[in-house]
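Please read the structure below before turning to the comments.
What follows draws every value from the coordinates through simple rules; no lab data is involved. The structure presented is a predicted model; accordingly, all values stated were derived computationally and were not measured. In this analysis, Cβ positions are derived from the backbone assuming ideal geometry, glycine residues included, and neighbour counts consider all displayed protein chains.
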Amino acid sequence: MKSIKNLTRMTYETSAFQGWRLAITRKGSAFTRYFPDKKYGGENESFAAAEAALAGLKMLLEGARLADGKHTATTTRKVEKLLKQA
């Protein structure tokens, strides 16, 4: 599969990790989550989980309130909770 914006395929010969990395930065806050193939049952399944998490994350961040041009602590907690559940 081909990488898309905010989702990168991670495959290393020297490491046991294979999977997808979701990384997004908005308004000074960076959020990252890894979706390993082993946990999700394969490359396609981990990609689907990462893509679903990205869609939910974008929806949450687009409607979020800002304080001084940055996301509020509440928004950051909601994002972290969403990524943990993914």
**Fill in**
The number of residues in the range 31-50 that are more than 8 Å from the chain's Cα centre (by Cα) and either in a helix (DSSP H, G or I) or more than 15 Å from ARG9 (Cβ to Cβ) (or both) is 12
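Suppose we filter the range 1-30 for residues that are of a type in the set (Lys, Arg), surrounded by 15 or more Cβ atoms within 10 Å (Cβ to Cβ) and part of a loop (DSSP other than H, G, I, E, B); how many remain?
Narrowing the range 1-30 to residues of a type in the set (Lys, Arg): 2, 5, 9, 21, 26-27.
With the extra rule that they be surrounded by 15 or more Cβ atoms within 10 Å (Cβ to Cβ), the set shrinks to 9, 21, 26.
With the extra rule that they be part of a loop (DSSP other than H, G, I, E, B), the set shrinks to none.
Residues in the range 1-30 being of a type in the set (Lys, Arg), surrounded by 15 or more Cβ atoms within 10 Å (Cβ to Cβ) and part of a loop (DSSP other than H, G, I, E, B): 0 in total.
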**Item:** Within the range 1-42, tally of residues that are out of contact with any strand residue (DSSP E or B) (no Cβ under 6 Å at 6 or more places or on another chain), within 20 Å of LYS81 (Cα to Cα) and in contact (Cβ under 8 Å) with a residue 40 or more places away in the chain
**Value:** 1
**Request:** Residue by residue through the range 43-76, note down the ones that are free of Cβ contacts under 8 Å to residues at least 24 places away in the same chain and loosely packed, with under 12 Cβ neighbours inside 10 Å.
**Result:** ALA55, MET59, GLU62, GLY63, ARG65, ALA67, ASP68, ALA73, THR74
